[in-house]
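The values are calculated or read from the model by the stated rules, or taken from the named source; none is laboratory data. Computed from a predicted model, the values in this text were never measured in an experiment. All Cβ positions, even for glycine, are placed from backbone atoms using ideal geometry, and neighbour counts span all protein chains on display. All accessible areas refer to the heavy atoms of the entire protein, side chains included, with ligands and DNA or RNA removed. Shrake-Rupley method; radii C 1.70, N 1.55, O 1.52, S 1.80 Å.
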Amino acid sequence: LTGVLDDCLCDIESIDDFNTFKIFPKIQKLQERDYFRYYKVNLKRPCPFWADDGHCSIKDCHVEPCPESKIPVGIKAGSSNKYSKAANNSKELEDCEQANKLGAVNSTLSNQSKEAFIDWARYDDSQDHFCELDDERSPDAQYVDLLLNPERYTGYKGPSAWRVWNSIYEENCFKPRSVYRPLNPLAPSRGGDDGESFYTWLEGLCLEKRVFYKLISGLHASINLHLCANYLLEETWGKPRWGPNVKEFTRRFDPAETKGEGPRRLKNLYFLYLIELRALSKVAPYFERAVVDLYTGNGHEDAESKALLLDIFRDTKSFHMHFDEKSMFAGDKKGAKSLKEEFRLHFKNISRIMDCVGCDKCRLWGKLQTQGLGTALKILFSEKEIQSLPENSPSKGFQLTRQEIVALVNAFGRLFTSIKELQNFKVLLQQTR
């Protein structure tokens, strides 16, 4: 892969250099910090679109939830979305509760009213979300240590896995049913059509819809790269050996094996990288405020985490070939607003499809990466709200929950890992020739 990407003015070589020498070591370090390694997720939500066809019984599909005792006190206190240490200070919370008990006004609410308020708040919050968010208060939601549950090949494949991706592409990428994606095993026989009619259709779309397809394709390519790079090569005496599988990589991406489709998929991976990189550079002012803390309860570590995050933001701003999101939704106001809402609802639907993934580990990483991309889109479409944030108080105009922050950083971490692994496969392929 070389040269300039479609729909933007960035070349692949610039991204490779920036990723390897500027971003890779810093993001890797950030992901190991407590604030970013623990992700709360509900892996038991039922599939809303079709009857569950059973969960993957392969042991590598299993996700080990984190014991409560391992979660840093500042995260599991339930106040981890608060903005400062003061907001998490238990003494202040006790004083507040005591003052409420002494108050003369009866401020009690019926359970019915409380539920209504929660529903209203959830509705209000959902208006700028591109993802269906897990309810963190659900008894089925558990903390997972991402470092102990790495994304890798689990053996989950076949019709069940294909049905998930097929539903994403066929029903959520603005695609008419008469246009078939290349190499789709679930599509009917297409005769002499080698997939070029699909790309003719794609090029005829407006920029926004073309971008949407590329983001999904890039996410798919990234996930496939992780599986090829962390493949179960052999298991002797109960000791598994994981590593890069060149044969599997070739099967999924080689031009000869994929009728020229593989390089297009990889270009879409770079495009997705650019979109999330742009979001990181745009959200910097939100975190630069003193009122925002990455709070875990360990003051020294929290300060170091924030300093490292701000350092990464400075690097993202220094990149000179950013995607220009202003070119999107730039038509007449009414049409642009309608298209943006359609864009948001399509993506929200994709986040719900992740609850149909039968392998728990694949579901975990699918949900996290989808939420990370959804958070990036939310940031890109909230530029005015971010620029007008108050310095010393939380903003109602734009907020990020801890879950969104963790997903954003780790989803980008998966993309820079994909691009790094792609460099490794280039070397391995040269060695085997």
Taking the range 52-75 and keeping only residues that are modelled with pLDDT under 80 and open to solvent by 80 Å² or more (accessible area, probe 1.4 Å), one is left with 52, 55, 57, 59
Every listed condition ((1) modelled with pLDDT of 80 or more; (2) over 30 Å from residue 64 (Cβ atoms); (3) surrounded by fewer than 17 Cβ atoms within 10 Å (Cβ to Cβ)) holds for residue 127 save (1)
Reported set for the range 335-367 where residues are surrounded by fewer than 18 Cβ atoms within 10 Å (Cβ to Cβ) and among the hydroxyl-bearing types (Ser, Thr, Tyr) is 338
Return yes or no: is residue 266 among the aliphatic types (A, V, I, L, M), more than 18 Å from residue 408 (Cβ to Cβ) and in a strand (DSSP E or B)? no
Scanning the range 236-263 residue by residue, the ones that are part of a loop (DSSP other than H, G, I, E, B) and within 16 Å of residue 6 (Cβ to Cβ) total 1
Across (1) at negative phi; (2) modelled with pLDDT under 95, residue 237 clears everything bar (1)
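Output the residues belonging to the range 194-235 that are charged (D, E, K, R) and part of a helix (DSSP H, G or I).
196, 203, 208, 209, 210, 214
So how many residues does the range 282-318 have that are in a loop (DSSP other than H, G, I, E, B) and touching a Ser or Thr at 6+ places or on another chain (Cβ under 7 Å)?
4
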For residue 162, the lone unmet condition from (1) within 27 Å of residue 252 (Cβ to Cβ); (2) among the aromatic types (Phe, Trp, Tyr); (3) open to solvent by less than 70 Å² (accessible area, probe 1.4 Å); (4) modelled with pLDDT of 85 or more is (3)
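Here is a yes/no grid of residues against (1) in contact (Cβ under 8 Å) with a residue 40 or more places away in the chain; (2) under 30 Å from residue 172 (Cα atoms):
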position: 300; (1), (2): no, no
position: 305; (1), (2): yes, no
position: 317; (1), (2): no, no
position: 324; (1), (2): yes, yes
position: 330; (1), (2): no, yes
position: 334; (1), (2): no, yes
position: 337; (1), (2): no, yes
position: 340; (1), (2): yes, yes
position: 359; (1), (2): yes, yes
Test result for residue 342, over 29 Å from residue 227 (Cβ atoms) and in a loop (DSSP other than H, G, I, E, B):
no
**Message:** It is to be established whether one or more residues within the range 309-323 are open to solvent by 40 Å² or more (accessible area, probe 1.4 Å), within 27 Å of residue 132 (Cβ to Cβ) and polar (S, T, N, Q).
**Reply:** no
